[in-house]
Amino acid sequence: MTNVSREKAKINFKKARTHIDKIISMIEDDKYCIDIMQQNLAVIGLLRSAHSMIMEGHLKGCFSDAFNSKSIKKHDEMIDEILKVTKMYNK
């Protein structure tokens, strides 16, 4: 993962944390449900975006390095990891 991708993902995680704190306050203050759901959707969007950045960095870095190696075992391990993460993401 490049430093730029890492920083962008970190920024999204920090923004998500800020939104989550706001959501908790909104729930405690008994705010309107739709407003809470909009904040929640903003968090989901930020987390999905961060996930995509991390995945892209992994594919361009670790995954690419593994496939450039001669090790079939490394190839299979990387494929299994990507499939596992993709299945988790799609649940």
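Nothing in this text is a laboratory measurement; each read-out follows from the coordinates by a stated rule. Owing to the predicted nature of the structure, the values given are computational and were not obtained by experimental measurement. A quick note on method: Cβ atoms are made from the backbone with ideal geometry, for glycine too, and the neighbour counts reach across all protein chains shown.
At-a-glance table
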| read-out | value |
| --- | --- |
| Cross-link partners of Lys84 among aspartates and glutamates (Cα-Cα below 18 Å; sequence separation of 8 or more within a chain) | Glu56, Asp76 |
| Spin-label model distance (nm) - Ile34 vs Phe13, 7 Å beyond Cα toward Cβ | 3.5 |
| Degrees separating the helix 72-89 axis from the principal Cα axis of the chain, which is the longest one | 20 |
| Ratio of Rg to Rh over the chain (Cα coordinates, Kirkwood Rh, two decimals) | 1.16 |
| Spacing of the two label points (7 Å from each Cα toward its C-beta) at Ser69 and Asn3, in nm | 2.6 |
| Above-threshold pairs, the threshold being 26 Å between Cα atoms, out of Lys8/Lys31; Lys15/Lys91; Lys8/Lys73; Lys10/Lys87 | Lys8/Lys31; Lys8/Lys73 |
| Angle in degrees between helix 3-28 and the longest Cα principal axis of the chain, rounded to the nearest 10 | 30 |
